[in-house]
1. May I ask you to derive the relative contact order of region 20-200, considering only C-alpha pairs under 8 Å and at least 6 residues apart, and to give it as an integer percent?
2. When a footprinting reagent is the concern and you count Cβ atoms within 10 Å, what order do THR199, THR88, THR39 take, fewest first?
3. Taking amide hydrogens as modeled 1.01 Å from N in the peptide plane, which residues meet the under 5 Å criterion relative to PHE86, leaving out close sequence neighbours?
4. Of TYR197, TYR132, how do they rank once you tally other Cβ atoms within 10 Å and put the fewest first?
5. What translational diffusion coefficient, to the nearest whole µm²/s, does region 20-200 have by Stokes-Einstein, given a Kirkwood radius computed over alpha-carbon pairs, a temperature of 4 °C and 1.567 mPa s viscosity?
Amino acid sequence: MHNKSAEARLQTIRTLMERSALYRRALGPIMIWLGVVATGASAIGWYQQINHPKQFVYYWLGVSVAAASGAFLMARRQAVKAEEPFWTAPAKRVVHAFLPPLVIGGVLAVSGAGSDSGWFVRILPIIWAWCYGCALHSASFFMAQGVRTLGWGFIVLGFVDAFLSPRMETHERMEFAHLTMGLCFGGLHLVAGAYLYWTERSPKTS
């Protein structure tokens, strides 16, 4: 049994190495898509003043579902185009690595949606940035190593936001929540996507 388990792990690692180029090509468009959706949603949320905790939570949960659905379809399309299987053992491992922090962030958001406290709206983007950063860090073993750096980017921005929040007035915190979502989930994804596109298309030097 031990030998079979070791062989399965080696096969998974071998498959990941063989599919690393495919994952990298798929990540660029996905990162751009996630960045555009988050940036647009941030601008709409800020302009429409969606600041009540329940409205804020369900608005951004809806945005995340739409963004994740689009990313799923893009990844599947890339796999079909490359004539590669989509729901493979490595893909399952990536999803399993992602899930725990994302579930924690979702449960905390829904559990506090009924609160009338402006503080909840203000700290929620920080919690989400930390949870998403941890999810990326966990999944980085099965993906491009740059994903780990991106994960740390979310974690660091979460700490910066946590440092700035107590120094703001209440109305500033409420307005800044959407801007934080745009900066973290929009800006970082766009930077990552642009980097992947640039490095993928740049000529290889010998």
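Values in this text are rule-based calculations from the coordinates and carry no lab data. Given the structure is predicted, the values throughout are model-derived calculations rather than measurements. Note that each Cβ is placed from the backbone with ideal geometry, even for glycine, and that neighbours are counted across all protein chains shown.
1. Values: 214 pairs, mean separation 70.8, N = 181.
About 39 percent, as a whole number.
2. On the way: THR199 11, THR88 15, THR39 18.
Exposure proxy ranking, most exposed first: THR199, THR88, THR39.
3. none
4. Details: TYR197 16, TYR132 23.
With the sparsest Cβ surroundings first, the list reads TYR197, TYR132.
5. 77 µm²/s
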